[in-house]
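The structure appears right after this line, and notes come after that.
The values are calculated or read from the model by the stated rules, or taken from the named source; none is laboratory data. Worth saying up front: this structure is predicted, and the values here are computed from it rather than measured. Backbone-built Cβ (ideal geometry, glycine too); neighbour counts: all protein chains shown. What goes into the accessible areas is simple: the full protein's heavy atoms, side chains included, and nothing from ligands, DNA or RNA. Shrake-Rupley method; radii C 1.70, N 1.55, O 1.52, S 1.80 Å.
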Amino acid sequence: MSPGPAGDAGIELSGAGNGPAVSRREFDALFEAVRTWGRWTPADRGAWNRVTADHVRRATARVRSGTVVPMALPWNTEPGPDNRRPALHHMTDLGDVESPEPTAYKDFIAVDHHGKAVTHLDALCHIAYRGRLYDGRTAHEVVDAAGARFGAVSALGPLVTTGVLLDLPAALGVPWLEPGRAVHAEDVIAVEEALGVTIGEGDAVLLRSGHVRRRTELGAWDSGAGSAGFHVDAVPLLAERGIALLGGDGDSDVRPSPVAGVHSPVHTLAVAAMGVPLLDNLDLEALSAATAEAGRHTFLFLVSPLNVPGGTGSPVTPIAVL
């Protein structure tokens with residue numbers, strides 16, 4: 001079905017805040033329940049192995065208008081409460097170094113991309129739990145100062161699949177979710193019904209909380225201390241659906257964490273248990289507008305990380321095509 005105007009469904013989030021609290025014992029049981037170790041070859045592509053040529057063909061068949069929507073934030077060189085290690089950008093040639101005609105202009109960029117200010121992909125070597133990466137690899141044996149020998153971003157390659165936008169503010173009829181607000185499994189199901197989407201195997205699932213709009217209107221805040229995102233109780237549903245990628249305009253985790261002693265539990269379950277790479281810090285505002293105009297919240301989704309041997313992730317510009 002096609003969704004009506006924002007808020008027509010009249011759904012409400014189940015519960016308030018980042019809870020309920022989850023004990024470490026409960027979390028460990030959840031980790032065991034969703035882990036997919038030993039399932040795929042090559043193992044360091046994890047859940048991207050789900051995406052077959054048939055998935056790609058079905059995804060490309062979703063293109064109707066040809067509207068292309070990029071989802072990356074601007075390269076952020078300004079320090080702030082959510083950007084403590086700003087990206088670098090400076091000029092290395094202003095047309096005065098090489099022989100005349102043509103003059104050349106060159107620049108240098110660098111970034112510590114695993115933060116809250118740069119749109120990036122997390123590879124499977126990025127997260128370990130109890131000292132083990134995805135597929136049970138011992139982290140200190142395969143990751144050192146030279147990089148990772150398992151689960152590196154270079155093992156992933158590009159992903160082309162169906163994207164699903166879970167646009168919470170659109171379904172709720174609000175501008176954004178406040179920091180610290182958790183999205184639960186029942187909320188995912190309610191939003192699917194409200195927006196007329198169903199998450200399927202091999203899909204890239206993107207959660208819009210309105211983070212970017214809130215930052216634009218109210219200013220930056222320490223989103224490492226407080227941000228809207230998934231509660232861990234939503235992960236078994238996503239695992240059951242067989243997703244290939246999880247992303248959001250935050251970093252997928254509700255913060256503060258509801259799990260004592262685990263600061264990024266959704267990262268842990270997705271990456272280390274399920275082998276699902278993550279996309280952090282997306283700009284989903286244009287995609288929200290485009291999907292609302294199209295009357296559908298599924299689309300062709302593409303992302304191609306940099307080929308960095310041993311890298312734990314990569315800055316990216318994911319693309320939706322409607």
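Looking across the stretch 73-121, just one residue is touching a residue at least 12 places away in the same chain (Cβ under 8 Å), over 31 Å from the mean Cα position of the chain (by Cα) and open to solvent by 100 Å² or more (accessible area, probe 1.4 Å), and that is TYR105. Taking first residues from the stretch 251-266 that are closer than 13 Å to LEU207 by Cβ and partners that are of a type outside the set (Phe, Trp, Tyr) and open to solvent by 30 Å² or more (accessible area, probe 1.4 Å), the Cβ contacts under 6 Å between residues at least 6 apart in sequence or on separate chains come to VAL254/ASN18.
If the condition is being closer than 20 Å to ASP187 by Cβ, of a type in the set (Val, Ile, Thr) and at pLDDT 95 or above, then the stretch 1-44 contributes VAL22, VAL34. Looking across the stretch 57-101, the residues that are of a type in the set (A, V, I, L, M) and either out of contact with any Gly (no Cβ under 9 Å at 6 or more places or on another chain) or assigned to a strand (DSSP E or B) (or both) come down to ALA61, VAL63, VAL68, VAL69, ALA72, LEU73, ALA87, LEU88, MET91, LEU94, VAL97.
Annotation: of all residues in the stretch 129-165 being over 20 Å from VAL51 (Cβ atoms) and in contact with a His (Cβ under 9 Å, 6 or more places away or on another chain), the one that is most open to solvent (accessible area, probe 1.4 Å) is GLY131.
The single condition among (1) surrounded by fewer than 24 Cβ atoms within 10 Å (Cβ to Cβ); (2) in contact with a helix residue (DSSP H, G or I) (Cβ under 6 Å, 6 or more places away or on another chain) that GLU193 does not satisfy is (2).
LEU177 meets the stated requirement of being in a loop (DSSP other than H, G, I, E, B) and crowded, with 17+ Cβ neighbours inside 10 Å.
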